[in-house]
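The values are calculated or read from the model by the stated rules, or taken from the named source; none is laboratory data. This one's a predicted model, so the numbers in the text were calculated from it and none came from an experiment. Every residue, glycine among them, receives a Cβ derived from its backbone with ideal geometry; neighbour counts consider all protein chains shown. Note: accessible area is taken over every heavy atom of the protein model, side chains too, but ligands, DNA and RNA are not part of it. Shrake-Rupley method; radii C 1.70, N 1.55, O 1.52, S 1.80 Å.
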Amino acid sequence: MTTLTISDLHVSYGGVKALRGVSMHVEQGEMVALIGSNGAGKSTLLNALSNVVKRKSGEIVFEGRETKGMSPHSVSRAGLLHVPEGRQVLGDMSVYENLQVGLIARGKRNTIYTLDHVYELFPVLEERRDQIAGTLSGGQQQMLAIGRALMGGPHLLLLDEPSLGLSPLITDQVFDALKKLNAEGLTVLLVEQNAHRALEATSRAYVLDRGQIAFEGASEELAGNQAVIDSYLGA
Ligand code: ATP
């Protein structure tokens, strides 16, 4: 089953054309990478999917439903959950309170992502449940941001640069958790500048270049194509 279909999506900020006719799809149970250099439009695409930015034209169909006109809140209530770049945890609230806020998106939907499930995935969140979120390390805040989205019972999880600013060791932990979630059946769209990490964790990938899809294919194939990586990712 197709979870997400994007067709000919255009987004502009005033005169800046950030997305120029993007089409892509994510099937249920897949973990798909969206990679591209700085300013390629990756965050814009995720923000358009959660209706945080308005599209100029094009279609976005999530689980059979066109999301045009839905509020960002309604999109998350439908199960499309977004972990934005920079984590954005509620810094003055405790870890536990942040996770409870995540419940708002769940509504009455059933989900396997209980508090116990989140604590099992990220034991440090249980150890620090009463700690003020703003005092956590960057890696712990990233885990909390993912945990909060899980509490919303995602059908599709959008992740914007989860490795940003994290050490290689902590990045490993975050990616291990994502792989575990995907193995349990969670559908994930992963935006990353760290192409090698993203390609290693996913089965399929899209390369975004100046607002357009420049390449799509199996992650393994792309990982072995140094010419594409060099030309689009400057790696
Ligand atoms: P990064 O990895 O640096 O976040 P990105 O691939 O996520 O890059 P976007 O942040 O989506 O790229 O930006 C795409 C283009 O849109 C860039 O040219 C950027 O300068 C522009 N842009 C993004 N947000 C805005 C905004 N609020 N107003 C005007 N232009 C914007």
If we keep just the residues of segment 56-91 that are open to solvent by 10 Å² or more (accessible area, probe 1.4 Å), of a type in the set (Ser, Thr, Tyr) and in contact with a strand residue (DSSP E or B) (Cβ under 8 Å, 6 or more places away or on another chain), which is farthest from the ligand (Cβ to nearest atom)?
76
Cβ pairs under 6 Å, 6+ apart or interchain, first in segment 171-186 and within 18 Å of residue 152 (Cα to Cα), second open to solvent by 10 Å² or more (accessible area, probe 1.4 Å), ordered by first then second residue, are 177/121; 185/29
Which pairs do you get when a residue that is in contact (Cβ under 8 Å) with a residue 12 or more places away in the chain, found in segment 109-136, comes within reach of a residue that is assigned to a loop (DSSP other than H, G, I, E, B) and open to solvent by 70 Å² or more (accessible area, probe 1.4 Å), reach meaning Cβ atoms under 7 angstrom, with the pair 6+ apart or on two chains?
132/92; 134/92; 136/128
Taking segment 1-24 as the search range and keeping residues that are open to solvent by less than 30 Å² (accessible area, probe 1.4 Å) and of a type in the set (A, V, I, L, M, F, W, C), which one is farthest from the ligand (Cβ to nearest atom)?
4
Filter pass, residue 73 being assigned to a strand (DSSP E or B) and of a type outside the set (A, V, I, L, M, F, W, C):
no
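Would you point out the residue of segment 25-55, among those that are more than 14 Å from the ligand (Cβ to nearest atom) and either charged (D, E, K, R) or open to solvent by 10 Å² or more (accessible area, probe 1.4 Å) (or both), that is farthest from residue 180 (Cα to Cα)?
Result: 51.
Conditions tested, residue by residue: (1) surrounded by 17 or more Cβ atoms within 10 Å (Cβ to Cβ); (2) within 16 Å of the ligand (Cβ to nearest atom); (3) of a type in the set (Asp, Glu).
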residue: 194; (1), (2), (3): yes, yes, no
residue: 199; (1), (2), (3): yes, no, no
residue: 214; (1), (2), (3): no, yes, no
residue: 221; (1), (2), (3): no, no, yes
residue: 225; (1), (2), (3): no, no, no
residue: 232; (1), (2), (3): yes, yes, no
Conditions first: (1) of a type in the set (S, T, N, Q); (2) touching a helix residue (DSSP H, G or I) at 6+ places or on another chain (Cβ under 7 Å); (3) more than 14 Å from residue 83 (Cβ to Cβ); (4) open to solvent by less than 50 Å² (accessible area, probe 1.4 Å). Residue 182 passes all but one, so which condition is the exception?
(2)
Quick one: in segment 151-170, of everything that is within 16 Å of the ligand (Cβ to nearest atom) and surrounded by 18 or more Cβ atoms within 10 Å (Cβ to Cβ), which residue is farthest from residue 52 (Cα to Cα)?
166
Any residue in segment 54-68 that's within 17 Å of residue 19 (Cα to Cα): show its pairings with residues that are assigned to a loop (DSSP other than H, G, I, E, B) at Cβ separation under 6 Å, as long as the two are six or more apart or on different chains.
60/67
